[in-house]
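Notes to accompany the following structure.
Where a number appears in this text, it was derived from the coordinates with a stated rule and is not lab data. Source: prediction; values computed, not measured. Here the Cβ is made from the backbone with ideal geometry for all residues, glycine too, and neighbour counts use every protein chain on show.
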Amino acid sequence: MHGKVKNIVKCDKCGRNIKINHKYKRVGDLEYRYFSCKRCGAVYVISVTDEALRQEIKKYQKIMEGLQTQIVPPEISQEAQLILQTNVQRSRELKEKYPLELKPWEK
Ligand SMILES: [Zn+2]
């Protein structure tokens with residue numbers, strides 16, 4: 001236990017412990033963040049974003065930054081939660097709709 005445990009996950013396919021090493025791939029408008037298992041090559045997509053979603057994520061981050069430095073009305077905080085939920089949902093949809101296809105050397 002060296003405080004790095006959170007970066008290790010167990011591969012669903014082969015059971016090997018994978019040290020999460022974030023990788024990045026852009027396909028047209030889509031940005032994928034993923035990591036892969038070095039033993040069996042299983043690929044795990046962390047998130048998929050398109051331009052519209054990235055704008056929404058920025059909007060969310062801006063609100064969250066504001067929340068840390070100033071007192072804002074509760075509506076703003078609620079709006080941020082709503083944006084977050086929408087973003088999570090949207091990312092999930094993109095992930096299902098556009099599965100990541102990798103060349104062997106990109107794994
Ligand atoms: Zn594996």
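Counting only residues that are among the basic types (Lys, Arg) and over 11 Å from the mean Cα position of the chain (by Cα), the stretch 31-53 holds 2 of them. Just so you know, in the stretch 14-45 the residues that are more than 16 Å from the ligand (Cβ to nearest atom) and without any contact (Cβ under 8 Å) to a residue 60 or more places away in the chain include one that is farthest from residue 98 (Cα to Cα), and it is 22.
With the checklist (1) over 22 Å from residue 88 (Cβ atoms); (2) in contact with a Phe, Trp or Tyr (Cβ under 6 Å, 6 or more places away or on another chain); (3) within 13 Å of the ligand (Cβ to nearest atom) in hand, flag the one item residue 11 doesn't pass. For residue 11, the exception is condition (2). In the set 43, 27, only one residue is crowded, with 16+ Cβ neighbours inside 10 Å and of a type outside the set (Phe, Trp, Tyr); that residue is 43. Name the single residue, out of those in the stretch 94-107 being acidic (Asp, Glu) and part of a helix (DSSP H, G or I), that is farthest from residue 45 (Cα to Cα). By that ranking, first place goes to 106.
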